[in-house]
1. Mean 1/r over all different Cα pairs, inverted: what Kirkwood radius does region B:53-223 give, in Å?
2. Order these by the 10 Å Cβ neighbour count, fewest first: B:37, A:154.
3. What angle do you read, to the nearest 10 degrees and between 0 and 90, between the alpha-carbon axis of helix B:212-221 and the longest principal axis of chain B?
4. If Rh is defined by the Kirkwood formula over all Cα pairs and Rg also comes from Cα, what ratio Rg/Rh do you get for the protein assembly as shown?
5. Across region A:106-116, in residue order, what do the Karplus-derived ³J(HN,Hα) couplings come to in whole Hz, using 6.51 cos²θ - 1.76 cosθ + 1.60 with θ = phi - 60° and x for Gly and Pro?
6. Please average, across the residues of B:228-237, the number of beta carbons from any other chain that are within 10 Å of each residue's own beta carbon, and give a whole number.
7. Does anyone have the angle between helix B:52-84 and the longest principal axis of chain B? Alpha-carbon axes, 0 to 90°, nearest 10?
8. What residues have an amide H closer than 5 Å to that of residue A:30, excluding those fewer than 5 places away on the same chain, when H is modeled at 1.01 Å from N in the peptide plane?
Amino acid sequence: MRRLLAVPYFIWMLVFVITPLLLMAGYSFLDFSGNITLNNYAEFFSGNYIKMTVSSFWYAFLITIFTLLVSYPLALAVRMTSNKTMWLLIIILPTWINLLLKTYAFIGIFGRNGVVNGIAGWLNIGGFQLLFSDAAFIIVSVYIFMPFMLLPVFNAIDDIDNNLLNAARDLGASRTEVLFKVIMPLSVEGVKTGVQVVFIPSLSLFMITRLITGNKVITLGTAIEQQFLTNENWGMGSTIGVFLILMMLIVMIFTGGSSKKRVNKI
Amino acid sequence: MKKLSHLYLLIVIVLLYFPILYLMFYSFNSAGNMSSFDSFTLEHYISVFTNQRLIVIIINTLAVALISSAAAVLIGLGGALFMYNVKNSTRRILLSINNIMIVSPDVIIGASLLILFTLAGISLGSVSVVLAHIAFSVPIVVLMILPKLYNMNHSLVDAARDLGADYKTIILKVIIPYINPGIIAGFFMALTYSLDDFAVTFFVTGSGFSVLSVEIYAMARRGISLEINAVSTLIFLFVFALVFIYYLLSTHKQLKKEKVL
């Protein structure tokens, strides 16, 4: 009976999770007309794609660092408030708005006649083009990912026993010492989870790059989308996909692969 | 120090809400752009409500979310019940397979499902979108239900069995009532993921069928259209109202609990 109830689940996982990934791995060995080949891999290593992978990695790295730099002090600040749940809810609330709508807002804000250029003109730094630049891509991504970094970091910081901090203060540690020697080491796990939930999606974003940077920034995600939906070269798209999955695994190994924790705490 | 941290908190919150308020503000702009406010108008809202295509798309979006979440709950519940009763080592393997879908980037899920649907001869449209949404919701449901199962005192199940209940009765009368909060949480989590998804749907939808996020992407690629602003204002107000009610209910419950104690 118990087994019978689980049958749909196993069929589902087999058909819609395992099979598609295996098919994708298989397709990475097929060329445009369906012959078995290693050409996709040869092309991937031939230069252009390696360059794109490195730059995609670099952007994801920058986005993750900036997201962490914004979120960590924010988590500390939320911990200090008297009504933590409410403030957390206020920060999390915008994540329920579809990220496309938020990205779309930035088209207006960063546009030639948008508010950022307006302020810049008023300060006499003159009209510059922020939309379609890589800085804009990073700002928008940090904006979108910040709450996802905040949650695990806040959970880790909030779990720290207040007595520990008081003890450190009593024993003569300064505020900075408490921060660097007590709080930070005790919140490493949260930071790792945060890095995991920000880094992997930033490698694969394609809608933000398309809308905000035109086609200037190309991430692994943009390349896959391009190969699959525009060029219809599924072989090459799958090859890039295989590399994206490999990178994901590398990131997960480095950050401890504790994705279970993350969902439990939401 | 405390003042500084409060100030930082406020600045971040202002920056977080600024783009959303910006969208809402210009949804009332009669000039039709997002840079110079001309005069107040409701024409963009009227055009949303008279745009039949858009209304069909909103209904599609809600239907896909509700159908896929309900199906995911049924499938995931069976999986969670199974995992609850297996050896630790087996469960660890099953859970890591379960987690593949959760950590996979959307592009990978979308592209690999596109290959599957094409090879299986499933035409791209409403069916493929619902199947894809169920696919990424099932693992989430399992993860939301499992902790509840572990919180349950196993003697409850033993007692029921000793008293002569068969497996069906145990599940329906003992386990499901106990883990109900987890099932509801799983359903809403699946609903959120489904409503929020863009990338997966973008890959597996055909030309005849569209959901809101895909439609917004198509509109935004063509440039600024204040209809999007009007839609997002409506969505934001809706979400805000829901969360506010949820917050009131949960604090109310907590207050009640404290009073009892």
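1. Taking every pair of different Cα atoms in region B:53-223, averaging 1/r and inverting gives 17.5 Å.
2. Exposure proxy ranking, most exposed first: B:37, A:154.
3. So the inclination is approximately 30 degrees.
4. Rounded to two decimals, Rg/Rh equals 0.97.
5. 6, 4, x, 5, 8, x, 4, 9, x, 5, 5
6. 3
7. 20
8. A:37
Read-outs: derived from the displayed coordinates by stated rules, not from any lab. Here the structure is a predicted model, which is why all the values come from computation and not from measurement. No Cβ is skipped: glycine too gets one built from the backbone with ideal geometry, and neighbour counts run over all protein chains shown.
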